[in-house]
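One structure below.
The values are calculated or read from the model by the stated rules, or taken from the named source; none is laboratory data. Everything numeric in this text was worked out from a predicted model, so none of it was measured. We place every Cβ from the backbone using ideal geometry, glycine too, and count neighbours over all the protein chains shown. Calculation scope for accessible area: heavy atoms of the full protein, side chains included, ligands and nucleic acids excluded. Shrake-Rupley method; radii C 1.70, N 1.55, O 1.52, S 1.80 Å.
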Amino acid sequence: MTLIFQSMSIGEVRTYGAAPFGAAVIHGGPGAPGYMASVARELSPSTGVLEPLQSAASLDGQVDELAEQLRPYNSGAITLIGSSWGATLSLLVAAKSRLVLRKLILIGSAVFDAENSARTRETRLGRLSASDRDAFMLLNAELSGAAREQRNERLVRMVKLLDPVDFFDPISTDLETIAVHADINHQVWADFVQLRDDGDRLRRLFANIAIPVVIIHGDYDPHPLAGVEPFLRSCVSDVTTHLLSRCGHYPWMERHARAEFFRLVKKEIGIDVNA
């Protein structure tokens, strides 16, 4: 995974293909912009694609920022294609904003309860070797006391340690992430945990979503599907699930799942897969 630290302009949006822009790829992290670029490139010959780069350092800030990034392009309905944290952010924007959205496609979504969040962590740590697990835990312990750039560097090293456990059989592990921001990651995630664990608040919020939600999940993804699908089916009326075999957290990078992943995404956003 190649990681370059650089400043981002608030509201920066990269565009692929030509208008009208029928889809937007939403990166995860939080605080890891750029890693959906290859998905945007693959889809762009058939539809214009937006790639918003989030820089806000709070949950509400990211929701508002993404809505404002998309608004100038929202002359027609947009499908949001969110990966990991980006899937959750897409749900929040659909629930809270007045954007005209056609559909949400959730790739390897973060989970929606504390129990499955702990299970995700346990799965990741359990797949590491003893030495890598010790290194990961040490880096995590050092994060809070380090200076800003040192926090970023430690988070990069933690992400690299997780590469082998988040992928099943990758074509490459270079996600083209252009930056890693530890402070954004920490604060946005802390805000989301507070929302997630506040009684039934998240379920009531997602009940505002009136568009189709499509879940695409790898069977080797450390985020258990049990922490995603049942929750969404309890509060969203139109949910479809596709489980990809021999596939980790980033299906477009997986040797065995890439073709089926793009077939599904193209079909869901209205691209003729037989053309």
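Annotation: aspartates and glutamates with alpha-carbon distance below 17 angstrom to K267 (same-chain offsets under eight excluded): E42, D238. Sequence-ordered 3J(HN,Hα) estimates for region 213-223 from the Karplus curve with 6.51, -1.76 and 1.60 and θ = phi - 60° stand at 10, 10, 9, 10, 9, x, 6, 9, 4, x, 7 Hz, glycine and proline given as x.
Of the accessible area of region 139-235, with the probe set at 1.4 angstrom, what percent is carbon plus sulfur?
For region 139-235, the apolar C and S fraction of the accessible surface comes to 48 percent.
What angle do you read, to the nearest 10 degrees and between 0 and 90, between the alpha-carbon axis of helix 114-127 and the longest principal axis of the chain? The angle comes out near 60 degrees. Here each label is just a point 7 Å from Cα along the line to Cβ, and for D238 and V100 those points are 1.6 nm apart.
Each residue of region 18-30 is assigned a 3J(HN,Hα), and the resulting list reads 10, 5, x, 8, x, 9, 9, 9, 10, 6, x, x, x Hz, derived from the Karplus form 6.51 cos²θ - 1.76 cosθ + 1.60 (θ = phi - 60°), x at Gly and Pro. A convex hull fitted around the alpha carbon atoms of region 1-127 yields 121 Å³ per residue. Distance between the C-alpha centres of region 97-172 and region 26-40: 14 Å, rounded to the whole angstrom. Beta bridges from DSSP with both residues in the chain: antiparallel share about 20 percent, rounded to the nearest 5.
Rounded to whole numbers, the Karplus 3J(HN,Hα) couplings from phi for region 237-254 are 6, 10, 10, 10, 10, 10, 9, 9, 7, 6, 9, x, 7, 10, x, 5, 9, 8 Hz, using 6.51 cos²θ - 1.76 cosθ + 1.60 with θ = phi - 60°, and x at Gly and Pro. Put simply, the amide H of T241, placed in the peptide plane, has neighbours under 5 Å in I215, leaving out anything fewer than 5 places away on its chain. For region 162-275, taking Cα atoms only, Rg and Dmax work out to 16.3, 47 Å respectively.
In this view, the solvent-accessible surface of D198, computed with a 1.4 Å probe and all protein chains in place, comes to about 80 Å².
For an R0 of 22 angstrom, estimate the FRET efficiency from the Cβ-Cβ distance between V13 and D64 and round to the nearest 0.05. The computed FRET efficiency comes out at 0.90.
In this Cβ point-charge picture (+1 for Lys and Arg, -1 for Asp and Glu), the chain has a dipole of about 440 debye about its Cα centre.
Hey, what's the chain come to in accessible area per residue, 1.4 Å probe, Å²? Show your work: numbers first, answer last.
On the way: 11740 Å² over 275 residues.
On a per-residue basis, the chain sits at 43 Å².
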